[in-house]
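J.: Submitted below is the structure of interest, expressed as structure tokens.
The values are calculated or read from the model by the stated rules, or taken from the named source; none is laboratory data. Worth saying up front: this structure is predicted, and the values here are computed from it rather than measured. Using ideal geometry, Cβ is built from the backbone for each residue, glycine included, and neighbour counts are taken over all protein chains shown.
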Amino acid sequence: MGRHLEALLRDGYVVVPGAIDDIACVDAARDVDTFKARNKSVLRRLEASDSAFSRVVNLHLAIASLSSLFTDSDAVAVCDAFFEAETVLYTSLYFERGSEQDLHRDSPLFVTRPAGKYLGVWAALENIDAENGPLVVVPGSHKLPDLDIQAMASRLYGDPQNAPATSEIGWVAYQSAVRQQSTERGLEPLEVHVARGDVVVWHPSLFHGGAEHHSDRRTRRSLVMHVTPLGVPVYHQDVFFDPSRAVSDRAPWTYYEHHGRQIAKFSEVDFAHLFKLHVGGLQRPDASALGRVKARLLSAPYRVLTQLRSPTM
């Protein structure tokens with residue numbers, strides 16, 4: 001574990017090989033397929049554009065075996081050591097294709113108090129190489145000099161206090177500035193090829209993204225998790241661009257226990273930032289026949305809670 005923490009602090013990321021048992025990866029992939037089949041009616045709107053799940057937020061709330069990819073991973077010990085505290089699962093993103101996301105830092109969207117108290121944890125459910133959209137990292141980018149965030153906010157919004165919780169303008173301006181820093185210092189992006197069960201942990205200030213997904217025949221099943229110490233709150237761009245803003249240092253949400261670890265308790269699963277569904281109205285892959293009937297009855301009032309568009313989450 002010590003060498004993994006050393007690599008994380010040195011390079012901004014670390015690959016923990018075989019951190020998750022093969023059987024756990026197979027079980028999680030199977031349960032996602034079962035979940036799709038059991039919730040086909042409410043997920044029908046995804047079929048035209050997203051038959052392979054892409055960017056499903058907090059799917060672990062409905063599929064216990066996805067939660068186990070966090071709780072039963074050897075990589076969590078690296079997170080505990082980084083935080084010097086108990087690590088909990090805050091949110092997750094499930095993918096079946098490469099994100100193909102531009103290089104970025106998560107920081108504007110994940111602002112903790114105290115600052116820097118989160119990590120990205122990326123679990124591979126299958127082998128991932130140059131064909132099927134691997135993770136891309138910029139080693140050393142977590143050590144770039146601090147940008148003048150308040151000056152940037154004043155330029156963008158007139159005053160840091162005017163910064164909104166989400167803003168495409170703020171997101172682009174910040175990521176562009178980090179990209180320029182990386183280029184000026186000759187930092188080069190690197191594809192991270194991994195095997196099923198490997199876990200990548202990255203620093204909150206690491207510049208990272210997703211390579212192009214070239215293969216139409218291959219999926220890239222993976223679970224991205226954002227983790228924090230227990231009780232640490234997470235804020236967004238309004239607090240990022242206004243660091244002096246008075247906010248609580250205690251998370252407003254509660255937690256539930258899974259396999260001896262704590263997981264933040266939320267009530268919705270967000271599908272590709274198109275719509276959200278209440279967890280209570282979804283049929284879980286491990287539910288009994290009676291449980292599936294109850295979920296079917298609940299699904300009507302919770303069919304679609306929210307229509308949304310969010311280009312940066």
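J.: Have a look at E100, E96, E86 and point out the one that is in contact (Cβ under 8 Å) with a residue 12 or more places away in the chain, closer than 24 Å to R218 by Cβ and either of a type in the set (V, I, T) or surrounded by fewer than 19 Cβ atoms within 10 Å (Cβ to Cβ) (or both). If you could, list the steps in order and put the result at the bottom.
T.: Numbers: E96 fails: either of a type in the set (V, I, T) or surrounded by fewer than 19 Cβ atoms within 10 Å (Cβ to Cβ) (or both); E86 fails: closer than 24 Å to R218 by Cβ.
From the options E100, E96, E86, the qualifying one is E100.
J.: Strands (runs of 3 or more DSSP E) wholly in the range 189-258 with at least 1 residues that are under 16 Å from the mean Cα position of the chain (by Cα) - which ones?
T.: Details: elements: 190-192, 199-202, 208-210, 222-229, 255-258.
The qualifying strands (runs of 3 or more DSSP E) are 199-202, 208-210, 222-229.
J.: Answer with yes or no whether C79 is assigned to a helix (DSSP H, G or I) and touching a Gly at 6+ places or on another chain (Cβ under 8 Å).
T.: Values: assigned to a helix (DSSP H, G or I): yes; touching a Gly at 6+ places or on another chain (Cβ under 8 Å): no.
No, not satisfied.
J.: With respect to the numbered conditions (1) on the phi > 0 side of the Ramachandran plot; (2) free of Cβ contacts under 8 Å to residues at least 12 places away in the same chain; (3) of a type in the set (K, R), which one is the sole condition not fulfilled by R55?
T.: (2)
J.: With respect to L135, determine if the residue is within 30 Å of S222 (Cβ to Cβ), touching a Cys at 6+ places or on another chain (Cβ under 6 Å) and either at pLDDT 95 or above or not polar (S, T, N, Q) (or both). Give the derivation first.
T.: Numbers: within 30 Å of S222 (Cβ to Cβ): yes; touching a Cys at 6+ places or on another chain (Cβ under 6 Å): no; either at pLDDT 95 or above or not polar (S, T, N, Q) (or both): yes.
No.
J.: Can you tell me which residues in the range 259-269 are basic (K, R) and either free of Cβ contacts under 8 Å to residues at least 12 places away in the same chain or in a loop (DSSP other than H, G, I, E, B) (or both)? Before you say what the answer is, go through the steps one by one.
T.: Just the residues of the range 259-269 that are basic (K, R), to begin with: 261, 265.
Residue satisfying the conditions is K265 alone.
J.: So, one more: Only one residue in A246, A272 is of a type in the set (A, V, I, L, M, F, W, C), free of Cβ contacts under 8 Å to residues at least 12 places away in the same chain and surrounded by fewer than 22 Cβ atoms within 10 Å (Cβ to Cβ). Which one? Break it down stepwise before answering.
T.: Values: A272 fails: free of Cβ contacts under 8 Å to residues at least 12 places away in the same chain.
Of A246, A272, the one residue that is of a type in the set (A, V, I, L, M, F, W, C), free of Cβ contacts under 8 Å to residues at least 12 places away in the same chain and surrounded by fewer than 22 Cβ atoms within 10 Å (Cβ to Cβ) is A246.
J.: Name every residue in the range 155-192 that is surrounded by 14 or more Cβ atoms within 10 Å (Cβ to Cβ), small (G, A, S) and free of Cβ contacts under 8 Å to residues at least 24 places away in the same chain, in order of residue number.
T.: Of everything in the range 155-192, just one residue is surrounded by 14 or more Cβ atoms within 10 Å (Cβ to Cβ), small (G, A, S) and free of Cβ contacts under 8 Å to residues at least 24 places away in the same chain, namely A173.
J.: Looking only at residues that are under 22 Å from the mean Cα position of the chain (by Cα) and not charged (D, E, K, R) in the range 35-47, which one is modelled with the lowest pLDDT? Before you say what the answer is, go through the steps one by one.
T.: Filtering the range 35-47 down to residues under 22 Å from the mean Cα position of the chain (by Cα) leaves 35-36, 43, 46.
Next, only the ones that are not charged (D, E, K, R) stay: 35, 43, 46.
Details: F35: 96, L43: 87, L46: 76.
Taking the candidates together, the pick is L46.
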